[in-house]
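Worksheet: the structure to be examined is printed underneath.
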Amino acid sequence: MYLKFLGLSASLVLSSLSTGLSHTSAPAPAHPTPTFDTPPPPGEVPYTTGFPLCKIPGYTAVPGNYTEVIERQSNSTLKECHDGCRIVWPLCKSIAFHKRYTECLFFDREVQCTQLYRENSSEFVHYDLECRVR
């Protein structure tokens with residue numbers, strides 16, 4: 001009997017929460033805010049998902065479901081890499097930047113579609129073009 005009461009109580013709380021969460025949201029900001037990584041369900045590959053994804057260190061699956069273009073310029077900065085992405089390659093939707101090698105990788109997919117494994121030890125840091133960079 002006590003368990004039934006707790007079950008009913010829990011379902012009322014959950015029902016209240018879902019009702020409370022379904023409200024009209026404020027207009028979208030002029031610049032999108034990065035979303036947080038969504039952990040995968042148990043047993044699935046741990047690719048990083050969300051949009052836009054900004055400043056995510058990691059490695060893409062090779063071979064992957066994307067096309068990558070390598071752009072190297074000595075003393076290149078993250079901002080130059082980000083701004084030059086569509087100029088160099090019009091299909092570009094995201095970048096990975098390696099600060100030490102001043103190397104840019106341009107991708108024809110958003111970060112979440114490059115099969116990115118988040119790995120904090122990676123020197124390549126990934127950004128969707130919607131991210132603000134300096």
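The values are calculated or read from the model by the stated rules, or taken from the named source; none is laboratory data. Everything numeric in this text was worked out from a predicted model, so none of it was measured.
Taking the options 94, 76, name whichever one is within 15 Å of residue 133 (Cα to Cα) and either of a type in the set (Phe, Trp, Tyr) or modelled with pLDDT of 95 or more (or both).
Residue meeting the stated conditions: 94.
Just checking, which of 128, 83 is on the phi < 0 side of the Ramachandran plot, of a type in the set (Asp, Glu) and modelled with pLDDT of 95 or more?
Only one candidate passes the filter, namely 128.
Inside the stretch 60-80, can you point out the residues that are not charged (D, E, K, R) and not in a loop (DSSP other than H, G, I, E, B)?
Selection gives 60, 69, 70, 78.
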